[in-house]
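This report concerns only the one structure given below.
Read-outs throughout are calculated quantities, based only on the coordinates presented, and are distinct from any laboratory measurement. Here the structure is a predicted model, which is why all the values come from computation and not from measurement. Here the Cβ positions follow ideal geometry from the backbone for every residue, glycine too, while neighbour counts run over all protein chains shown.
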Amino acid sequence: MSGHSKWHNIKLKKQKVDQVRGKLFSKVSREIMAAAKDGGNPDGNMRLRSAIDRARDAGMPSDNIQRAIQRASGEGSGAQYESVVYEGFAPGGVAVLVEALTDNRNRTASDVRAVFTKNGGNLGNSVAWMFERRGVVVVDRSKPEDDVLVAALEAGGEDVQATEEGFEILTKPEETFKVKQGMIDRGFTVLRAENHMVPKNTVRVEGKQAQQVLRLLEALEDLDDVQAVHANFDIPDEILQQVG
């Protein structure tokens, strides 16, 4: 988990802020539209609440958020997106889960397959059982780990892991935003909160294979239809830094 978080942070530093924001706005808008089909009130729709929080964290204007909800509820025009998950392996036996939102399954499947093939991977293998969905709340390092652990447990968290970014608090997916608010109420700075597919075990890859894995993941995340990419790699920090 921490390795993938580090890779995510390195990627953000590599790209121009305006390019990151433009692509992220598009992806989050799709997530809002897909979630809002189950109800436009975030108080009763956890997925929508999660998408709205993600949009706000990305700096998306409130008007954009509202328009996305309205389009999904039929008050505006726009494509209808459906969720689809692709499973496969990257080089070195690294399991990969790809979560996408698409208005054209054939196009998205073709794009994802092409990325896997071009980067030495194999699409179509069953790997979902290697992951479990967990809530992840990350707070900064302004307070000692013991204080974070106590506050996290009080807020409903289940475990705390120290990473380069900060402290990751793991919890049940349905408790993510309760824990986030609990940490804010206790005076902690929350860097991000999301539900993530956490690998049950990791696969160590190094050298050329490690770089192939990272190229594959980056190419998948660059696809417009792809919302999230999860992988169970364990890559040495020095390789992550070299790529970054």
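Quick notes on this one:
- Value of relative contact order over the chain, rounded to a whole percent, pairs C-alpha under 8 Å and six or more apart: 24
- Charged neighbours of residue 35, selected by a Cβ distance under 15 Å, balance to +1 (K, R count +1; D, E count -1).
- When only alpha carbons are used to place a centre, the range 132-147 and the range 175-244 end up 15 Å from one another.
- Evaluated over the range 64-196, the count of Lys pairs having alpha-carbon atoms less than 28 Å apart is 4 (only pairs 8 or more residues apart or interchain).
- Peptide packing: for 229-237, 172-180, the average count of neighbouring Cβ atoms within 10 Å per residue gives the ranking 229-237, 172-180, highest mean first.
- The chain: C-alpha gyration tensor shape, a/c 1.5 cut-off, then a/b vs b/c: oblate
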